[in-house]
Structures are given as C-alpha cells and as structure tokens.
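Undergrad: Starting off with a structure, shown below.
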Amino acid sequence: MTTTTPKLTFAEYLKYSDGTDTRYELVNGELIPMSLGSGQHGAVVAFVYHRFRDEILRLKLDWTVKQMAIGVRSPRAGKWDTSRIPDVVVVPLSQWQELRNREAVIEVNEPPPLLVVEVVSESTKTVDYRAKRVEYNALNIPEYWIVDPLTNKVTVLTLIEELYEPAEFVGVERILSTTFPELELTVEQVLTAED
C-alpha cells in the first residue's frame, strides 16, 4: 500500500508548520525537508557569507547577504509551485528591507537576487547541478555559484544572453565573479573555510 502526500499550493506552503524547526523547500507542490548537511557544508556556507559581507562593506555597496533566509519562487510551468531556499543569497538592501515585512520569498515578478550560492552535498548534487540551475536561469539570477566539496571545485554560472555560461575553478585558482570582481578568494580557501 502506498501513501501519497498531499500537494500544497504556494499559499499553503507559506503557512505550513509541522511544529518542528525543519525547513522545507517546495518542489512541484511537495515539501522537501532541508537537511543540515555536514559540518563542512555549514562551515563553507558561513565562510562564503562572511567573505561576501566583508566585500559588500569594503566597497560600501547598498547590498546585503543572507544565509538560508531568503526563498526564491520558481517560474516552473505546471500546476504546482516550486520555491527554493539557497544557502547564500545576495540582494540589494532595499529588497531585503521589503522582504523583512512579509514572507521572505522573492516572487517571480520581482527582481531576482544578484547572486545565489548552493553548497553541494551527496543528497543534493543532482538538484544543485540540474534542477536549480534551470530554475535560477529561468529567474534570470545573474550569477549562481555551485560549491562542490565532493569534487573539490567551484562552478560559477554567469547569465549571458539569457543562458548560464559555466566556469569551473579548482585548487588555488582565484574564483572569478562578475558580482564581486575584486574578491580575492580561492577554491581551496572556500573548501577549507579558512583565510
């Protein structure tokens, strides 16, 4: 006997609570629990967050960076909605201030984040490389980083003429970013989460 989980609308997803601290992404109307990931996953997320924050402050940019605090709603076709919660998101400060007064989900008709980062784990590698790439591309997010401790590389996907162009970086290579062109950061630093 199989049981089917009822699908949720986006409005139901925003109100959903199971009484735990579990965070969920909504994928085609289904709740997908977000795992904590390994200790390395958490360390990498925190490290990238701090480096982006330091760069925003250094350059006095009117932006902010958040860790797993902003959702992005996907324009996927079909009856059921999808909403992701990237590991790291960079948005204009004005957009964050607006999100502070409502559910922190960027809607399809709103300006996309400037940059999103996903840190790959064994359970998310296909989703991070395939599904999220398609979804973030459709949202016109200008830059998407896939930090992959499993293969020891960082892939930076840059939106060029409505399609993502990938650039892969490994080892002591400096990660090139159009969002943060002066950022001095190597793959090794990111993966070890050390300066």
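Undergrad: Considering only the range 115-134, state which residues are open to solvent by less than 10 Å² (accessible area, probe 1.4 Å) and in contact with a His (Cβ under 9 Å, 6 or more places away or on another chain).
TA: Val119, Val120 - these are the residues of the range 115-134 that are open to solvent by less than 10 Å² (accessible area, probe 1.4 Å) and in contact with a His (Cβ under 9 Å, 6 or more places away or on another chain).
Undergrad: Just wondering, is there one or more residues in the range 163-184 that are surrounded by fewer than 19 Cβ atoms within 10 Å (Cβ to Cβ), modelled with pLDDT under 95 and among the basic types (Lys, Arg)?
TA: Scanning the range 163-184, I find no residue that is surrounded by fewer than 19 Cβ atoms within 10 Å (Cβ to Cβ), modelled with pLDDT under 95 and among the basic types (Lys, Arg), so the answer is no.
For every residue, the table says whether it meets (1) among the charged types (D, E, K, R); (2) closer than 15 Å to Tyr49 by Cα.
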| position | (1), (2) |
| --- | --- |
| Tyr136 | no, no |
| Leu139 | no, no |
| Pro149 | no, no |
| Leu159 | no, no |
| Glu168 | yes, no |
| Glu173 | yes, no |
| Ser177 | no, yes |
| Glu182 | yes, no |
| Thr186 | no, yes |
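Undergrad: Okay, next question. Give Leu8, Leu57 a once-over and let me know the one that is modelled with pLDDT of 75 or more, hydrophobic (A, V, I, L, M, F, W, C) and loosely packed, with under 14 Cβ neighbours inside 10 Å.
TA: Leu57
Undergrad: Determine which single condition Asn137 fails, assuming it passes every other condition in (1) farther than 16 Å from Val88 by Cα; (2) open to solvent by 40 Å² or more (accessible area, probe 1.4 Å).
TA: Result: Asn137 fails condition (2) only.
Undergrad: Against the definition (open to solvent by less than 30 Å² (accessible area, probe 1.4 Å), among the aliphatic types (A, V, I, L, M), touching a Pro at 6+ places or on another chain (Cβ under 8 Å) and at pLDDT below 95), how does Val156 come out, yes or no?
TA: When the stated conditions are applied, Val156 does not pass them.
Undergrad: Working carefully through the options Thr179, Thr155, find the one that is under 16 Å from Asp87 (Cα atoms) and under 17 Å from the mean Cα position of the chain (by Cα). Full working, then the answer.
TA: Working: Thr179 fails: under 16 Å from Asp87 (Cα atoms).
That would be Thr155, the only listed residue that is under 16 Å from Asp87 (Cα atoms) and under 17 Å from the mean Cα position of the chain (by Cα).
The values are calculated or read from the model by the stated rules, or taken from the named source; none is laboratory data. Please read all numbers here as calculations on a predicted model, not as lab measurements. When we count neighbours, we look across all protein chains shown, and the Cβ atoms used for this are built from the backbone with ideal geometry, even at glycine. Ligands, DNA and RNA are excluded from the accessible area calculation, which covers all protein heavy atoms including side chains. Shrake-Rupley method; radii C 1.70, N 1.55, O 1.52, S 1.80 Å.
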